[in-house]
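Input: a single structure, listed below in structure tokens.
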Amino acid sequence: MSKTNVQLPYFDELLEQLRKGNPDAIQAFGRHVHWGYWENPDAADGSVADFAEAAERLCRRVCDSGSVGDGMRILDCGCGFGGTIASLNERFSNVQLVGLNIDERQLERARKEVKPRAGNQIDFVQGDACELPFEDASFDVVLAVECIFHFPSRERFFKEARRVLKPGGKLAICDFVPTSFMMPFIKFMDLFVKNSVSQVYGNVNSHYTLGDYQNLAKNTGFVSQIEENITSNTLPTYPVVCRLMRESGNIEAGNITMGADWLGRLGLTHYMILSFDAK
Ligand SMILES: C[S@@+](CC[C@H](N)C(=O)[O-])C[C@H]1O[C@@H](n2cnc3c(N)ncnc32)[C@H](O)[C@@H]1O
């Protein structure tokens, strides 16, 4: 398998839906491909429009946890269709924005959809987040929005992020983080569901606990800053995403995603925003 063609079946399906012009797919995932954030989850109305707004809010919360500001050079790793870059471009001035993704097909859409505002610069670059094609100390902020679980190694990614960050720069991510006391149970469940999960979502490693992240930060030249558990704010995502998957005929994907919903509701896995300062 070439590095430009990492297998992510859910993106193959999504690209097909976008190609067909499916209006729900375009509204839900044409910009961001991640979960939503609801300040008040009870107020979520289950509509695709409500979900799209919530996805933008989640993106902004991750960017804010990286203290993004005007004039910065920012790298978004695993940038998808460029939604985070688009959001930064709309919110900030005199910024140099770089979106990096392993999948050239997604970058083609990003380049078409996301154009810089006057004074801003945008580049979309194909590459692996664990082998960043950038110079040392060349970014103020590195972001990875809901994608680190696909990367071949969190350790290599953190080392690379630290290398390209200026001292005092920030790394901000969001991830599904299992609670450590439930790890044996989660690993046991994996024996039964791992194959089905990878048939929908490709290579996924969701075994990294908060303690693992804290050790990783220490060992790679970072200091942990923000550790925010936003699980309950993301839960209205599941009914919308599962409905869309089932409506497009992907029953298995809907069922797998419902399983992730239960991991969150039962407190086995937390959805977390994490940020780190480069020493
Ligand atoms: C759930 S999507 C998130 C996309 C985007 N961050 C967003 O929030 O809309 C995961 C992304 O990670 C990308 N990805 C997976 N492995 C990667 C790698 N090794 N290096 C760079 N990007 C990768 C995928 O192509 C996909 O765009």
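The values are calculated or read from the model by the stated rules, or taken from the named source; none is laboratory data. Here the structure is a predicted model, which is why all the values come from computation and not from measurement. No Cβ is skipped: glycine too gets one built from the backbone with ideal geometry, and neighbour counts run over all protein chains shown. We work out accessible area using only protein heavy atoms, side chains counted, and drop any ligands, DNA or RNA first. Shrake-Rupley method; radii C 1.70, N 1.55, O 1.52, S 1.80 Å.
Pick out the one residue from 143, 88, 100, 58 that is under 29 Å from residue 231 (Cα atoms), more than 11 Å from the ligand (Cβ to nearest atom) and open to solvent by less than 60 Å² (accessible area, probe 1.4 Å). Reasoning before the result, please.
On the way: 143 fails: more than 11 Å from the ligand (Cβ to nearest atom); 100 fails: more than 11 Å from the ligand (Cβ to nearest atom); 58 fails: more than 11 Å from the ligand (Cβ to nearest atom).
After applying the criteria, what remains is 88.
Just to be sure before I move on: is residue 50 more than 13 Å from the ligand (Cβ to nearest atom) and either among the hydrophobic types (A, V, I, L, M, F, W, C) or more than 16 Å from residue 171 (Cβ to Cβ) (or both) in the structure I sent?
Answer is yes for this residue.
Which condition does residue 33 not pass, out of (1) away from the ligand (no atom under 14 Å from the Cβ); (2) open to solvent by 30 Å² or more (accessible area, probe 1.4 Å); (3) not in a helix (DSSP H, G or I), if it passes all the others?
Failed condition: (1).
For the stretch 68-85: of the residues being within 12 Å of the ligand (Cβ to nearest atom) and in contact with a Ser or Thr (Cβ under 9 Å, 6 or more places away or on another chain), which is nearest to residue 174 (Cα to Cα)?
Among those residues, the one meeting the criterion is 76.
Go through (1) near the ligand (Cβ under 9 Å from one of its atoms); (2) under 28 Å from residue 21 (Cβ atoms); (3) open to solvent by 20 Å² or more (accessible area, probe 1.4 Å) one by one and return the number of the condition residue 151 breaks.
Here residue 151 clears every test but (2).
Would you pick out the residues in the stretch 36-51 that are buried (at least 19 other Cβ atoms within 10 Å of the Cβ) and outside any loop (DSSP other than H, G, I, E, B)?
Across the stretch 36-51, the qualifying residue is only 51.
Identify all residues within the stretch 154-198 that are under 20 Å from residue 231 (Cβ atoms), open to solvent by less than 10 Å² (accessible area, probe 1.4 Å) and of a type outside the set (A, V, I, L, M, F, W, C); write none if there are none.
If the condition is that a residue be under 20 Å from residue 231 (Cβ atoms), open to solvent by less than 10 Å² (accessible area, probe 1.4 Å) and of a type outside the set (A, V, I, L, M, F, W, C), then 175, 178 are the ones that fit.
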